[in-house]
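Report on the structure given below.
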Amino acid sequence: PGCRGAQGRFAYKLLHDLFDNYSSALRPVEDTDRALNVTLQVTLSQIIDMDERNQVLTSYLWVRQTWLDAHLTWDKDAYDGIDSIRIPSSYVWRPDIILYNNADERFGDAMETNVVLRSDGHIMWDSPAITKSSCKVDVSYFPFDGQRCRLTFGSWTYNGNQIDLHNRLDTGDLTDFVENVEWEVLGMPATRNVITYGCCSEPYPDVTYTLLLRRRASFYIFNLLLPCIMVSFLAPLGFYLPADSGEKVSLGVTVLLALTVFQLLVAESMPPSESVPLIGKYYIATMTMITASTALTIFIMNIHHCGPGARPVPPWARRLILHHMARLCCVYEVGESCKSPQRALGARGGRGDPGEPGESPGEREGGTEAGGCPRDDCLCHHDSLLRNVSYIAGCFRRHRATQRRTGEWKKVAKVMDRFFMWIFFFMVFFMSVLILGKAA
């Protein structure tokens, strides 16, 4: 205990002798024409926040600066072997190394920590700092994007002829880095640059640390991308919905509104730049496809609900849609299958079938009335009966022709529904694969 007390008295005497005639306002060099070497080392401890909309990176750093103070040396044997002391950093001269791309409105100084002063005059100053730096954010591949954020450190008033700034290591120290839930750090290379600015003719050295970040996309995949893909696959099912349900257009509009909500969520977090994010392009393409599908649905419903006054199906449409496309999409009537040969379009039962409404009783009976009355004896009644039966048969023929024509238009609408359903299913699948492949 007596020895430690003696060393404490020597430390007090050393502090008094060192700072008796010392001034922290002047650069501590013996030759003012020579530059003072300052070594910088940055340790990344934590990424606190990445504000993509305002393009600001908030990080927690440990900054270590070392330099030689020619006025603060002593003979350690003269002070009981004291080789180093720790004193407040405000006692000594400190280089004005700041973060050039600082985005903090307060411009706060570093924490007032102690410096380690050695007997040969070397000073080591470790100070933690929470920095807000501007970072150019490129969201072209969001949420599968990576960012390059630069942290540029340099002296604000001393030029390269007065302070020569160097980086101690070729990369930032990541040994104590706390993993971030959103960003993965791939590296932090350091480079030294010497720049001559337009204001001054002297060179200004700086050390730039480039923080290589890659976004962890799991959160956005499960909360933005997969719901969008699942909602997009609902759009082609609108073609499969029966036309008489009255919900075909409502389904398309509902899916369009759901995608609009997802797009607004993405737009709120992205900077208002000209580059559209990858997921934004997917939303726009899907919304365009759903708009087209809703318009086609309205057109097909108009075909389905053709009234009795509709024209017959054109021959080219009957051949292309009702024959080829119906086989391709497996659209068939009750009792048929997509593998069975199709019956001739418009073929119905023969005129010789019994019970045909268009057949008059006189055609079934060779000239004898139903009641057995000879035609010659009932000429006055026979002509009237023939006119009535002919009128009824004509009504039945027109009604069946109208039903046949309406049925053909409904089948045309059904075939077109099924055809566009598969087309839009393929488009949604192709866009999803294209987006994921481009992200990879």
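The values are calculated or read from the model by the stated rules, or taken from the named source; none is laboratory data. Because the structure is a prediction, the values reported are computed rather than measured. Note that we place each Cβ from the backbone using ideal geometry, even for glycine, and neighbour counts take in every protein chain shown. These accessible areas exclude ligands, DNA and RNA; they are computed on the full protein's heavy atoms, side chains included. Shrake-Rupley method; radii C 1.70, N 1.55, O 1.52, S 1.80 Å.
Worth pointing out:
- Accessible area of segment 8-215 divided out per residue, in Å², using a probe of 1.4 angstrom: 53 Å²
- Filtered chymotrypsin sites (Phe, Trp or Tyr not before Pro), segment 109-161: DSSP coil and at most 12 other beta carbons within 10 Å: Trp156
- Segment 92-169 and segment 179-215 have Cα centres separated by 10 Å.
- Size-normalised alpha-carbon gyration radius of segment 117-181, reference 2.2 N^0.38 Å: 1.60
- The share of accessible area on segment 8-215 that comes from carbon and sulfur is 48 percent, using a 1.4 angstrom probe.
- Of Lys13/Lys76; Lys136/Lys281; Lys136/Lys438, those spanning more than 18 Å from alpha-carbon to alpha-carbon: Lys136/Lys281; Lys136/Lys438
- The Lys76 and Asn54 beta-carbon pair, evaluated with R₀ = 41 Å, returns a calculated FRET efficiency of approximately 0.20.
- Positive minus negative residues near Trp125 (Lys, Arg vs Asp, Glu; Cβ under 10 Å): +1
- Take segment 244-299 with all the other protein chains still there, run a 1.4 Å probe, and you get 51 Å² of accessible area per residue.
- Leading residue at positive end of dipole, segment 8-215 (Cβ point charges), from Val42, Thr32, Gln55: Gln55
- Charge dipole magnitude, Cβ of K and R +1, D and E -1 - segment 8-215, Cα centre, debye nearest 20: 240 debye
- Here Lys410 is the anchor, and the lysines within straight C-alpha reach of less than 29 Å, apart from those fewer than 8 places off in the same chain, are Lys248, Lys339.
- For Asp145, the residues whose amide H sits under 5 Å from its own are Arg215, ignoring neighbours fewer than 5 places away on the same chain, with H placed 1.01 Å from N.
- Kirkwood Rh and Cα Rg combined as Rg/Rh, segment 8-215: 1.03
- Neighbour net charge for Leu151 - beta-carbon separation under 12 angstrom, K R +1, D E -1: +2
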